[in-house]
Structures are given as C-alpha cells and as structure tokens.
Amino acid sequence: NAGVMQNPRHLVRRRGQEARLRCSPMKGHSHVYWYRQLPEEGLKFMVYLQKENIIDESGMPKERFSAEFPKEGPSILRIQQVVRGDSAAYFCASSPRSYNEQFFGPGTRLTVL
Amino acid sequence: GENVEQHPSTLSVQEGDSAVIKCTYSDSASNYFPWYKQELGKRPQLIIDIRSNVGEKKDQRIAVTLNKTAKHFSLHITETQPEDSAVYFCAAIVGNTPLVFGKGTRLSVIA
C-alpha cells in the first residue's frame, strides 16, 4: 500500500512565477490536508479538502494561494506570483476519516529566488 | 481557537535514559492528540496517538499520557537509542477543526 505521494520533491521558482504542488493520498483516503513548514518551525495548517470540495481553508492566505482536489487525479496546491516568503516545505497529509490519523507525504521544498 | 504549547524545545539525553516531552492545550473540548516524529529532511511520521476517553497508551518503548483535568499530555520514550534523535511534534484537535501543532522538541540521544 503506497503511502502519500508528493511531487515534485524540490521546486525552484523565480519571484513572480507560479508554483504547482501535487499530492496523491494513500489508497482509500479521501481527506487531504496541506501544511506549510518554515525552517526550525512547526507545521501550520493551510487547507483541508475532500474530493471536489474545500472543507476548511482557514489557514490559507486569501491571495495568490488556491487548492483543489478533483474527482480524478491528485490534489493541487497552487501559488501564483511567488515571493521569497513563500519558500518553505509544503507537506500534504491524508486520512481515512476527517482530521484524525493523518499520514504525511515526503513534502515539496519550494525555493523562491 | 486551540493553542498548543510544547516543552522543552530541545532535549539531550544519554543513550538508555528516558525522555519526556510535555504539551498543554487550551480547549477542553479537544479529543484527539497525536505525536509525530520528524527526522531531518523527512516527513513527519505518526508514532502514537491518544483519544480523550483514554488516559494512557503504550507501544513498545513509547507511551503517551493524557490528563484532561490539567489539559496536558506527554510523550515518554524509554531506553532511548541514537535513532530516536529527531524533532517531535505534539498536536491536538477539537472535533472537526484542523490539527494544531506544537512548535516541536529537538531530541538528541547521546551515545
């Protein structure tokens, strides 16, 4: 049973470009969560999605950030017009039930030059 | 909203000794408390969790205790080994709200 998959593992973007991060949940999991982790800091919740629905986006900045989890395919976290402050590790997690027992992917390390 | 405080921020122990990490939470309605271990450059891994209807849970060398009255929960690692060295995060959840994480404890096990 494959774990949570994320790609790319490393992403370098110049200021103003777009970043697209992908997450495929564990088999049988329909709940996906995105977190951001800055160096030497904890994990900050961004958004919670189920298939085709955003359940909770209270942790996601209102501008430039968006997320989706289509009926087919991976969940996508999209950051438009990236700035240096967006540099961080972005982790997604999935769970079989809402919020509990979340299993994390390997993360995407975004560097904005 | 929920607030989780974690102490200490760093912890060094001799191999074979025990390590204890404590977390406090603010919302008495919190009902799920997982612990994650994160090695450098790796993903957070769920190592143990406890729900509010249980006071203690053990899994080999690790255990978690929960004191609902005092609103704190602790991770206990016995007979520590060098491979236990990592950053440990506690978290808490209230019903259908997002996991709130502590800031982490960097554990170093000295051989």
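The values are calculated or read from the model by the stated rules, or taken from the named source; none is laboratory data. It should be emphasised that the depicted structure is a prediction, and the values quoted were computed from it without experimental measurement. Cβ: placed from backbone, ideal geometry, glycine included. Neighbour counts: every protein chain shown. The area values use the complete protein model at the heavy-atom level, side chains included, leaving out ligands, DNA and RNA. Shrake-Rupley method; radii C 1.70, N 1.55, O 1.52, S 1.80 Å.
Looking at the range B:38-55, is at least one residue among the hydroxyl-bearing types (Ser, Thr, Tyr) and without any contact (Cβ under 8 Å) to a residue 24 or more places away in the chain?
Step one: of the range B:38-55, the residues among the hydroxyl-bearing types (Ser, Thr, Tyr) are B:52.
Narrowing further to those that are without any contact (Cβ under 8 Å) to a residue 24 or more places away in the chain: B:52.
There is at least one residue in the range B:38-55 that is among the hydroxyl-bearing types (Ser, Thr, Tyr) and without any contact (Cβ under 8 Å) to a residue 24 or more places away in the chain.
Taking the range A:62-113 only, how many residues are over 22 Å from B:Leu46 (Cβ atoms) and either touching a residue at least 40 places away in the same chain (Cβ under 8 Å) or not aliphatic (A, V, I, L, M) (or both)? Don't jump to the end; show me each part of the working.
Of all residues in the range A:62-113, those over 22 Å from B:Leu46 (Cβ atoms) come to A:62-68, A:70-73, A:76, A:78-87, A:110-113.
Next, from what is left, pick out any that are either touching a residue at least 40 places away in the same chain (Cβ under 8 Å) or not aliphatic (A, V, I, L, M) (or both): A:62-66, A:68, A:70-73, A:76, A:78-87, A:110-113.
Number of matching residues: 25.
Report yes if B:Leu46 is touching a Pro at 6+ places or on another chain (Cβ under 6 Å) and under 27 Å from A:Met46 (Cβ atoms), otherwise no. Full working, then the answer.
Working: touching a Pro at 6+ places or on another chain (Cβ under 6 Å): yes; under 27 Å from A:Met46 (Cβ atoms): yes.
Yes.
Restricting attention to the range B:21-59, and to residues there that are farther than 17 Å from B:Arg106 by Cα and acidic (Asp, Glu), which single residue is nearest to the other protein chains (Cβ to nearest Cβ)?
B:Asp49
Output the residues belonging to the range B:91-111 that are of a type in the set (A, V, I, L, M, F, W, C) and more than 10 Å from every other protein chain (Cβ to nearest Cβ).
The answer is B:Ala92, B:Leu107, B:Val109, B:Ile110, B:Ala111.
How many residues are touching a residue at least 60 places away in the same chain (Cβ under 8 Å), more than 12 Å from B:Tyr25 (Cβ to Cβ) and under 13 Å from the mean Cα position of the chain (by Cα) if we restrict to the range B:85-107?
Residues that pass the stated criteria total 7.
Which condition from (1) at pLDDT below 95; (2) assigned to a loop (DSSP other than H, G, I, E, B) is the one that A:Gln81 breaks?
It is condition (1) that A:Gln81 fails.
As an exercise: evaluate B:Gln60 against (1) open to solvent by less than 20 Å² (accessible area, probe 1.4 Å); (2) at positive phi and give the number of the one condition it does not meet.
Result: B:Gln60 passes all but (1).
Taking the range B:33-57 as the search range and keeping residues that are among the acidic types (Asp, Glu) and more than 11 Å from the chain's Cα centre (by Cα), which one is most open to solvent (accessible area, probe 1.4 Å)?
In this case the residue turns out to be B:Glu56.
Can you name every residue in the range B:13-32 that is touching a residue at least 60 places away in the same chain (Cβ under 8 Å), among the polar types (S, T, N, Q) and open to solvent by 80 Å² or more (accessible area, probe 1.4 Å)?
Just the residues of the range B:13-32 that are touching a residue at least 60 places away in the same chain (Cβ under 8 Å), to begin with: B:13-19, B:21, B:23, B:25, B:27, B:29-32.
From the residues that got through so far, the ones that are among the polar types (S, T, N, Q) too are B:14, B:18, B:30-31.
Across the range B:13-32, the qualifying residue is only B:Gln14.
Restricting to the range B:68-105, name every residue that is open to solvent by 60 Å² or more (accessible area, probe 1.4 Å) and more than 11 Å from B:Ala19 (Cβ to Cβ).
Correct list: B:Lys68, B:Thr69, B:Lys71, B:His72, B:Glu83, B:Asn96, B:Lys103.
Go through the range A:36-59 and give me each residue that's at the interface with chain B (Cβ under 8 Å from one of its Cβ atoms) and open to solvent by less than 80 Å² (accessible area, probe 1.4 Å).
A:Gly42, A:Leu43, A:Phe45, A:Tyr48, A:Asp56, A:Gly59
Of the residues A:Arg109, A:Arg97, only one is at pLDDT below 90 and within 11 Å of another protein chain (Cβ to nearest Cβ); which?
Of A:Arg109, A:Arg97, the one residue that is at pLDDT below 90 and within 11 Å of another protein chain (Cβ to nearest Cβ) is A:Arg97.
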